[in-house]
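Student: Quick one: the structure is below, questions incoming.
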Amino acid sequence: MNEKIGELRKKAMSLPLTPGVYIMKNKSGEIIYIGKAKALKNRVSQYFGSPRNHTAKVLKMVENVNDFDYILCDTEFEALVLECSLIKQHSPKYNILLKDDKGYSYIKIYGDEWKNFRVVLQKDEDGAQYIGPYMSSAGISAAVDRAKKIFRIPTCNKQFPKEYGKSRPCLNYSIGQCSAPCAGKIKKDAHNENVARALDFITNGSDKVIEELTEQMMKASENEEFEKAAKLRDTIKAINKISDKQKVVAASVKEQDVFAIVGAKQGVNPKACLSVLRFENYRLYDSEHFIIDLPEDLPSARHELIRSFYTIRDYAPPRIAVDGETEDAELLSQWLSEKAGRKVTIAVPQRGEQHSIMEMCRSNAAQKLALYLGRTGKATAALDELGQILGLKSPPEFIESYDISHTAGSNNVAGMVVFKDGLPFKKAYRRFTIKGFSGQDDYASMAEVIDRRLTEYENSEDTEGFGRLPDLILLDGGSGQVNAVIPVLMKHNLDIPLFGMVKDSHHRTRAIAKSGGEISLTSKRSAFTLVSTIQEEVHRYSVAYHHAKNKKSGISTTLINIEGIGESRAKALMKHFKTVRAISKATEEELSAVKGMSKAAAKAVYEAFHDED
């Protein structure tokens, strides 16, 4: 515990109730956190009060605070502007910081006689012509790739005119993506004209180029230059085809950035991914992602991430879409508006096209995070979606599911399956025989099983099975099962998210049950598939155990009731003969030959099956 907490709290309590910026420092005088406050006294004193409401990150920061400074401001907005400026200057350890390591890209135009171009990351003093800079390396690389395909510019390393007409054309020529100067299929002037058109396409857009090409095509046709007109027509078709593909990821909002955060509780240092999709002229033109520590307070994290993102950029679009509540959204919008010189709004899409784009952004974040963590993107997306639907603080990494199985109240058993990172974790599966009562009572059975499982946790040192608490418990059943288990969690003083899995009349997963209601899963494809898989697996596992108990029960009735035959001899007979029918057909000599059987026991078994004879 920080020994200076009392002293720091006393200093914080003397602060005024006015807006300002506070600056936390460690023993070395290094700035470790910068924040803003509407009322300095209230905000700063919270850090040095009760730790119960602090996140792990805040607790760690407070442990390292040796002193703090503050700067008074006239308004909260002024405090936000100052906070952003100071964070940019000092890059404090405990602020969420995004690093812009993408740099700038340029289009380099090279070649003396035969012109060509490519994307480079820096300008060299080599006499070549450069276009740029471009902030989005991915966007300009995609544009160059499209332009080269449309205008059939070579992408190989061959040098012209040195290698002009000296080889056979490659596959790109066959599929209409290269004009094949290597095989002498195009003249220098025509090639350089294509390069000029391609650069015009990149810098001025497809509409202007199509307009010019259409004019040239009509003129060539009037002059009866039909071959030239046909080539221009094919180029126009190629541009339209590429443009149509781009419209697959298009939006009704002309210009916006879309933010989504997906997290995963994996290992000692849980991570999250911030994904940003950038739209311009109604089309997606760039995407960025950042791997960060998993935030414990998402509204606060969104505020810090958006602020950090635009601190390292000179431009903000008119609209920013986010995947949930953002702390001080109006204040942040005001700061962005002042930075952009026009109004910038922050929105949370709820339905329609914009909601679909947000889901695409979340899926993108899940895929990037999965790649970073070495898991599947599908599982990461499903867990994130399930966590959102159920209102969990973070996606559930460790899920336990339970089901009861019996035949009209006899041989009551339960199965527990575990899903780790969205996949079955079979080494942690467990089976239970109901012991507290006889007869049929699914609610009491479920309560007994959860009680025994949590009691095992209190006495276990295992870190994978009973020795680890789940992030989520799913029961096969509705709100009745959930209500039966809630008192058990209260008894053990545990706050574990608890829900049921409801089936329809065709025994297929329909919804998630909670105490007092249901949550529909039909519109959430990834979460629906995951919950369905869990429900099918726990049902299969519990039924398999019930069948095994029934089989053993049948053996007990048939063999163990014979005088001189206990469980060991019954098992030995079944192992040797495989079925009760085969035992009934065996002779006394064959029965007595089984390991552990005596002549008297063999005779008793033989007579038990041949009394009627």
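What follows draws every value from the coordinates through simple rules; no lab data is involved. Everything numeric in this text was worked out from a predicted model, so none of it was measured. When we count neighbours, we look across all protein chains shown, and the Cβ atoms used for this are built from the backbone with ideal geometry, even at glycine.
Student: What angle do you read, to the nearest 10 degrees and between 0 and 90, between the alpha-carbon axis of helix 188-204 and the longest principal axis of the chain?
Tutor: 70
Student: Any chance you could run the full-extension gain for GLU280 through GLU211? It's 0.36 nm times the residue separation minus the Cα-Cα distance, nm to one decimal.
Tutor: 22.7 nm
Student: Amide H of ARG510 versus every other amide H placed in the peptide plane: which residues, excluding those fewer than 5 positions away on the same chain, fall under 5 Å?
Tutor: The list, which skips near neighbours in sequence, is VAL502, LYS503, ASP504.
Student: Still on this structure, I have one more. Pop out the Kirkwood hydrodynamic radius of segment 562-610 from its pairwise C-alpha distances, inverse of mean 1/r, in Å to one decimal.
Tutor: 10.3
Student: For segment 562-610, what is the charge dipole size about the Cα centre, in debye to the nearest 20, if Lys and Arg each add +1 at the Cβ and Asp and Glu each add -1 at the Cβ?
Tutor: 240
Student: Rounded to whole Å, give me the distance from the Cα center of segment 555-604 to that of segment 41-67.
Tutor: 72
Student: Then there's this: To the nearest Å, what is the center-to-center distance of segment 149-168 and segment 203-233, using C-alpha atoms only?
Tutor: When both Cα centres are located, 24 Å separates them.
Student: Okay, next question. Rounded to the nearest angstrom and ordered from largest down, what semi-axes does the equivalent ellipsoid of segment 398-547 get from its C-alpha gyration tensor (root of 5λ)?
Tutor: Value: 21, 19, 16 Å, ordered largest first.
Student: Using Kirkwood radius over Cα pairs in Å as the read-out, say which of [x] 25.6; [y] 30.8; [z] 26.4 was calculated from these coordinates.
Tutor: [y]
Student: Taking only DSSP H segments of four or more residues, each worth -39500 (n - 2.57), what value at 222 nm results for the chain once the sum is divided by all its residues, to the nearest 500 deg cm²/dmol?
Tutor: One gets -14000 deg cm²/dmol as the mean residue ellipticity at 222 nm.
Student: Right, another one. Using 7 Å Cα-to-Cβ label points, what is the GLU353/LYS93 separation (nm, one decimal)?
Tutor: With each label placed 7 Å out from Cα toward Cβ, I get 4.8 nm.
Student: Using only the Cα atoms, work out Rg/Rh for segment 105-204, with Rh taken as the Kirkwood radius, to two decimals.
Tutor: The Rg/Rh ratio comes out at 0.97.
Student: With N set to the number of residues, divide the alpha-carbon radius of gyration of segment 5-90 by 2.2 N^0.38 Å and report two decimals.
Tutor: 1.03
Student: Taking every Cα atom in segment 59-121, find the radius of gyration and the maximum pairwise distance Dmax, and write them in Å.
Tutor: 22.3, 67
Student: Using the basic label-point model (7 angstrom from Cα toward the beta carbon), what is the THR155 to GLU224 distance in nanometres?
Tutor: A separation of 4.0 nm, rounded to one decimal place.
Student: State the Cα centre-to-centre distance between segment 509-547 and segment 292-361 in whole Å.
Tutor: Each part's Cα centre sits 34 Å from the other's.
Student: Here's something else I'd like to know. Which value, in debye to the nearest 20, gives the size of the charge dipole of the chain about its Cα centre, when Lys and Arg are +1 and Asp and Glu are -1 at the Cβ?
Tutor: 1140
Student: Under a plain spin-label model, where a point goes 7 Å from the Cα along Cα-to-Cβ, how far apart in nm are ASP200 and LYS237?
Tutor: 2.1
Student: Per-residue HN-Hα couplings for segment 564-581, Karplus 6.51 cos²θ - 1.76 cosθ + 1.60 at θ = phi - 60°, whole Hz, x for Gly and Pro?
Tutor: Once θ is set to phi - 60°, the couplings for segment 564-581 become x, 10, x, 5, 5, 5, 4, 5, 5, 5, 5, 5, 7, 9, 6, 9, 5, 4 Hz.
Student: Starting with the highest mean, order 419-428, 108-117 by the number of other Cβ atoms within 10 Å, averaged over the residues of each peptide.
Tutor: The peptides rank, most packed first, as 419-428, 108-117.
Student: Report the local net charge at ILE346: Lys and Arg +1, Asp and Glu -1, summed over other residues whose C-beta lies under 12 Å from its C-beta.
Tutor: Local charge sum for ILE346: -2.
Student: Something else about it: Which angle from 0 to 90°, rounded to the nearest 10, does the C-alpha axis of helix 525-555 make with the longest principal axis of the chain?
Tutor: For 525-555 against the chain, the angle is about 20 degrees.
Student: Along each of its three principal axes, how wide is the spread of alpha-carbon positions in segment 250-303, in whole angstrom units, largest first?
Tutor: For segment 250-303, the Cα spread along each principal axis is 43, 19, 12 Å.
Student: Quick one, what does Rg over Rh come out to for segment 256-374 if you take C-alpha atoms and the Kirkwood Rh?
Tutor: Rg/Rh: 0.96.
Student: Once you list every other residue whose beta carbon is under 13 Å from the beta carbon of LYS503, what net charge do they have if Lys and Arg are +1 and Asp and Glu are -1?
Tutor: -3
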